[in-house]
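Novice: The structure that follows is given in the form of structure tokens.
The values are calculated or read from the model by the stated rules, or taken from the named source; none is laboratory data. Worth saying up front: this structure is predicted, and the values here are computed from it rather than measured. Calculation scope for accessible area: heavy atoms of the full protein, side chains included, ligands and nucleic acids excluded. Shrake-Rupley method; radii C 1.70, N 1.55, O 1.52, S 1.80 Å.
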Amino acid sequence: MKEYGIEKYSSERTNYDREEAYLRAKKKVEKITGFYWHLASYIVVNIFILIMIARHTTAEQFWTFGTFSTIIFWGIGLLFHGLGVFGKQYMFGKAWEKRKIEEYMEKERNRWE
């Protein structure tokens, strides 16, 4: 029964934690890869659409909302995809909070000097 002691449990728990961390990291990388493929297809397809519209319309017809509607609406979807992948911590994460706190502290220091 010694094999079910604290050492074995601790070792099994450590292995489980490592595997769980690996699976979370792998899933995050897959999400990031999916976003970058989405971004690449957005760029390629929209360039193709713009070229085709430019070749078959006049200058006045080109500069209309219809020409850029795909870019705008797909871009909104891409933005939400990016927020879903990177989360709001990308813009408002701990590093951002730390920078802002330091910025305001520096302003206060300069104000009293």
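Novice: How about the range 64-93: which of its residues are of a type in the set (S, T, N, Q) and open to solvent by less than 50 Å² (accessible area, probe 1.4 Å)?
Specialist: Correct list: Thr67, Ser69.
Novice: Considering only the range 1-87, give the helices (runs of 4 or more DSSP H) lying wholly within it that have at least 2 residues that are at pLDDT below 95 and aliphatic (A, V, I, L, M).
Specialist: Output list reads 6-56, 65-86.
Novice: Just checking, does the range 94-113 include any residue being open to solvent by less than 60 Å² (accessible area, probe 1.4 Å) and not basic (Lys, Arg)?
Specialist: no
Novice: Across the range 8-63, what is the total count of residues that are open to solvent by less than 80 Å² (accessible area, probe 1.4 Å), of a type in the set (Asp, Glu) and closer than 22 Å to Ile76 by Cα?
Specialist: Qualifying residue count, the range 8-63: 0.
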